[in-house]
Amino acid sequence: MEIIKSKRLRTGDTVGVISPSSYISEHLWPDCERATGALGALGLKVRMGAHAFDRHFYNAGTRDARLVDFHAMWRDPEVNMIMMSQGGDTANHLLDGIDYDMIRQNPKIFAGFSDGTTLVNAIFARTGLVTYYGPSFLWGFSDPMDEIFVENFRKTFFEGQVGPLTPNLHWRHTEKKELAYSGWHSVRSGRASGILMGGHSGCLVTTMLAGYAPDFQDAILFLEGTESIAKLDRQCTVLHLNGTFAKIKGLIIGYCDNHEMPKEQGENRPVADMVLEATRGYDFPILEISELGHKVENYTFPVGCRATMDADEKYLSIDDATVA
């Protein structure tokens with residue numbers, strides 16, 4: 001498959017914001033204003049989709065309305081980047097209604113997080129267009145950003161050359177202030193290079209089940225999650241049983257929010273310990289980092305770009321140009 005890259009951002013460009021999954025509740029409207037200001041400080045203008053604030057039960061509007069916004073942003077010549085407002089549960093409603101040929105002919109930067117896993121992987125799989133896991137409008141830009149992540153955004157989307165990523169010594173959880181940063185950890189020794197693919201573990205598994213995930217052959221798979229350690233175990237076991245782990249070159253484990261099971265003693269275990277068990281029989285390297293996940297600041301992971309990881313050296317780099 002031919003890899004396609006979007007044009008890099010320039011000062012004055014427009015970011016189109018859409019809500020393909022969950023709706024933006026009223027209490028989040030001030031966050032939208034702060035996010036608009038943060039992107040403005042980066043030299044970018046914001047254009048909200050016509051249906052970005054719609055609500056249809058637990059969805060951001062009807063499926064048809066969400067598809068209208070999705071396609072309108074791709075067709076709008078003044079929009080340079082398309083960003084999901086947030087995640088949710090039902091971005092998969094759009095999968096069989098997307099005009100993938102139109103996307104291939106009009107490549108643009110597309111970024112999403114959480115349920116964005118569904119769309120960034122499906123778009124890459126169906127078009128070859130590099131997409132971006134990490135930035136979302138509300139949960140990436142409504143709070144103050146550490147300079148290391150502002151710089152990562154600039155390198156990814158304005159400059160196109162990222163190179164090595166480093167631990168964030170100012171790491172913080174947005175809600176659990178008592179959590180201390182534990183750095184990066186080598187879970188299984190080794191070095192590997194491959195194409196980045198992945199995202200939220202639960203969303204990724206359902207995208208695979210729907211038939212819209214990429215082929216993970218020779219990939220560097222990255223995973224983060226928001227469910228209990230038992231459910232994360234179930235998802236990783238699916239990846240073992242369906243042969244995904246037989247294809248990949250390496251695995252990056254991000255921060256898994258709320259994985260603890262506090263009700264009964266003896267149920268908890270470290271995520272890395274579970275992953276080692278779920279990947280039994282394989283020798284690919286595994287690196288655990290904390291700059292990927294919910295309620296923490298995230299590096300941007302370009303789906304479709306080559307990366308190199310060295311678990312022993314606690315090294316991770318984005319090797320390919322991320323934009324054209």
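Derivation of every value follows stated rules applied to the coordinates shown; laboratory data play no part. These numbers were taken from a predicted model, which means no experiment stands behind them. No Cβ is skipped: glycine too gets one built from the backbone with ideal geometry, and neighbour counts run over all protein chains shown.
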Considering the Cα positions of the range 213-262, please state its Rg to one decimal place and its Dmax as a whole number of Å.
11.7, 37
Out of the range 199-291, which trypsin sites (Lys or Arg not before Pro) are coil in DSSP terms and have no more than 15 other C-beta atoms within 10 Å?
263, 280
Hey, what does the equivalent ellipsoid look like for the range 198-237, semi-axes from the Cα gyration tensor as sqrt of 5 times each eigenvalue, largest first, whole Å?
18, 12, 8
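Checking the table 108/295; 5/231; 7/155; 176/249 against a 24 Å threshold on Cα-Cα, which pairs fail?
108/295; 5/231; 176/249
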Taking Cα pairs under 8 Å and at least six residues apart, what relative contact order does the chain come out at, in percent?
21 percent
Report the extension gain between residue 209 and residue 247 in nm, rounded to one decimal, defined as 0.36 nm multiplied by the number of residues separating them, less their alpha carbon distance.
12.0 nm
On average over all directions, what projected area in square nanometres does the chain have, based on the convex hull of its Cα atoms?
15.4 nm²
Normalised by the number of residues in the range 165-318, what is the relative contact order in percent for Cα pairs under 8 Å and 6+ residues apart?
36 percent
Within a 10 angstrom radius of the beta carbon, how do 267, 178, 147 rank from fewest other beta carbons to most?
178, 147, 267
Tell me the Rg and the Dmax, in Å, that the Cα atoms of the range 165-318 produce.
14.7, 42
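Which value at 222 nm does the chain reach when only helices count, each DSSP H run of 4 or more adding -39,500 (n - 2.57), with the total divided by all residues and rounded to the nearest 500 deg cm²/dmol?
So the helix-based figure for the chain works out to -8000 deg cm²/dmol.
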Residues meeting the amide H criterion for residue 315 (H placed from the backbone, H to H distance under 5 Å, 5 or more places apart or on another chain) are 310
What does the charge count around residue 60 come to, taking other residues whose C-beta lies under 14 Å from its C-beta (Lys +1, Arg +1, Asp -1, Glu -1)?
-3
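Work out the P(r) tail for the range 85-237: percent of alpha carbon pairs separated by more than 23 Å, whole number.
On the way: 5096 of 11628 pairs.
Here the long-distance tail beyond 23 Å is 44 percent of all Cα pairs in the range 85-237.
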